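Below is one structure, written out as structure tokens, with a few remarks after it.
The values are calculated or read from the model by the stated rules, or taken from the named source; none is laboratory data. The model shown is predicted, which means the values in this text are computed figures rather than measured ones. Neighbour counts run over all protein chains shown; Cβ positions are idealised from the backbone, glycine included. The area values use the complete protein model at the heavy-atom level, side chains included, leaving out ligands, DNA and RNA. Shrake-Rupley method; radii C 1.70, N 1.55, O 1.52, S 1.80 Å.
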Amino acid sequence: MGFLGRFEPQCYALLRIVAGLLFLFHGLQKFGMYGGTQVELASIYGAAAIIELAAGTLIMIGLAASPLAFLASGEMAYAYFMQHQPKGTWPIQNGGELSALYAFIFLYIAARGSGIWSVDGARSGG
């Protein structure tokens, strides 16, 4: 166990909250906020905006985090392979580090669930 092992549940909750919040902001950018460019909602980018906004919010608060994180992980894997990988073999070359990192963080959240400090945890009494 690492030297912060006794704080593992809290560290995981912070990972879920921050990852969800940052993902939410990616969705808001696609709606033209925070320096982003508004995308056409009836497009693949519009679908991404909706997924990022909704999944980011619900992952952040810990409501149905597991299935939504699985969806978000898939979206990020799709983004990596369709937008970044054709530009180069490695994420550092093709600008896909963030997509790859999100894909694996959300895969972990999908496997782990909401954890503490979550709506799901409050509803289940733990």
Query raised in the report: Within the bounds of the range 60-79, is there any residue that is out of contact with any Lys or Arg (no Cβ under 7 Å at 6 or more places or on another chain), β-branched (Val, Ile, Thr) and over 17 Å from Ile17 (Cα atoms)?
Result: no
**Report entry** Test set (1) closer than 22 Å to Val119 by Cβ; (2) out of contact with any Asp or Glu (no Cβ under 8 Å at 6 or more places or on another chain); (3) aromatic (Phe, Trp, Tyr) - Phe31 fails condition number
**Finding:** (1)
**Report entry** Residue in the range 7-40 that is most open to solvent (accessible area, probe 1.4 Å), counting only those that are under 18 Å from Phe106 (Cβ atoms) and among the β-branched types (Val, Ile, Thr)
**Finding:** Val18
Report summary line: Scanning the range 41-75 for residues that are of a type in the set (A, V, I, L, M), within 11 Å of the chain's Cα centre (by Cα) and either within 22 Å of Gly121 (Cα to Cα) or open to solvent by 50 Å² or more (accessible area, probe 1.4 Å) (or both) gives Leu53, Ala54, Ala55, Leu58, Ile59, Met60, Ala65, Leu68, Ala69, Leu71, Ala72
